[in-house]
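The values are calculated or read from the model by the stated rules, or taken from the named source; none is laboratory data. In this text, all values refer to a predicted model and were calculated from it rather than measured experimentally. As a convention, Cβ positions derive from the backbone with ideal geometry for all residues, glycine included, and neighbour counts pool all protein chains shown.
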Amino acid sequence: MSTITTPRRDTGADDEAITQRRRSRQHLISRGALYVAAIVLAIWVLLPIYLISVVAFSTNDAVYEYPRQLVPSGVSSETVEFFINATGVQAAFWRSVIVAVISLVLSTLIGAPAGYAIARFAFRGRDAFRILVLSTRAFPIVILSIPLAVTFINWGIYDSVFSVALMHTALALPFTILITSSIFVSVPRDLEEAAQTLGCTPLMAFVRVVLPLALPGLAAAAIFTFVLSWNEVFAAVILTVRERTLPALVLSSLNASPAPFRFAAGFTMLVPSLIIIFFIRRYLLGLWGRVSR
């Protein structure tokens, strides 16, 4: 008598297929959650910018409409033009630009060498020094405002763009040092040493090897300094009376200004930061390991 044998199933292959499908499902879920989080974050950031822009370029009657239209029926630049041509606005705008540029340059020139020293040289108390640098931001600027004002008056630089730039540099410097030190740590030291063995001096190795690789981090620190200086208002109000920056000028006239004027001011203050980020975005993409095209 012949017996009929049934083929055996390969349970190992089935288990591997089930595990593969489960991993694929988990991967899709994680990517979907990542995309949802990115979309929510983008809406959170872009929606206020959109609403401010819409109201800034709406007619005066549309500003007070309720419910407000997400897509304006009419576009008018009258309010923005009125704000730009208001007394002292253009001068305050350029003062803000000058203060932000000076703060950016000073914080980079001072913070980048300090960050490089922290990243490359081992010395006693290095970690404590990092905490000490960051702890300087723990002092409220309100406590420092009166001594700073008295000091700048004695130095003869009170009510000037340079005094505000010095204050903004002091505010941004701790973060500039920490950001640049983290970037320099990520640059392999072997590349710098290899450049020196090929005839480069330490300075040449830094300029030709380390600096190009650290540009994304320096760009990020520069953006942070520019945005901090551009949006900072308290120090500008305390340290200036006539030579005020744009945020200080807007704050001083905010209570007496109508709603269209306020939205036009908000839009005007947004534009420079957006332009800076747009032109420097290729360095930010490189910071996250992407290549811009």
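Just the residues that are among the small types (G, A, S), over 19 Å from E232 (Cα atoms) and over 21 Å from the mean Cα position of the chain (by Cα), please, taken from segment 128-153.
Correct list: A128 only.
Among the candidates F121, F93, which residue alone is aromatic (F, W, Y) and over 20 Å from the mean Cα position of the chain (by Cα)?
F121
So if I check each of T151, T136, T176, which one is touching a residue at least 40 places away in the same chain (Cβ under 8 Å), of a type in the set (S, T, Y) and either surrounded by 15 or more Cβ atoms within 10 Å (Cβ to Cβ) or in a helix (DSSP H, G or I) (or both)?
T176
Take the residues in segment 179-203 that are in a helix (DSSP H, G or I) and of a type in the set (G, A, S), then tell me which one is nearest to R130 (Cα to Cα).
My answer is S181.
M204 versus (1) more than 26 Å from M167 (Cβ to Cβ); (2) modelled with pLDDT under 80; (3) not aromatic (F, W, Y): which is the lone unmet condition?
Every condition holds for M204 apart from (2).
Taking the condition of being farther than 14 Å from L166 by Cβ and surrounded by 22 or more Cβ atoms within 10 Å (Cβ to Cβ), how many residues in segment 96-110 meet it?
Result for segment 96-110: 1.
From the list V80, V105, which one is at pLDDT 80 or above, farther than 26 Å from A221 by Cβ and part of a helix (DSSP H, G or I)?
V80
Mind counting the residues in segment 46-66 that are at pLDDT 80 or above and exposed (fewer than 10 other Cβ atoms within 10 Å of the Cβ)?
Counting residues in segment 46-66 that are at pLDDT 80 or above and exposed (fewer than 10 other Cβ atoms within 10 Å of the Cβ) gives 0.
Of all residues in segment 199-227, count the ones that are more than 18 Å from S182 (Cβ to Cβ) and in contact (Cβ under 8 Å) with a residue 40 or more places away in the chain.
2
Would you check if F234 is within 24 Å of A86 (Cα to Cα) and among the aromatic types (F, W, Y)?
When the stated conditions are applied, F234 passes them.
Name the residues in segment 131-171 that are touching a Leu at 6+ places or on another chain (Cβ under 9 Å), farther than 23 Å from A91 by Cβ and modelled with pLDDT under 85, would you?
Across segment 131-171, the qualifying residues are V133, L134, T136, R137, I141, S145, L148.
Name the one entry in R244, R262 that is farther than 30 Å from Y116 by Cα, basic (K, R) and modelled with pLDDT of 85 or more.
The unique qualifying residue is R244.
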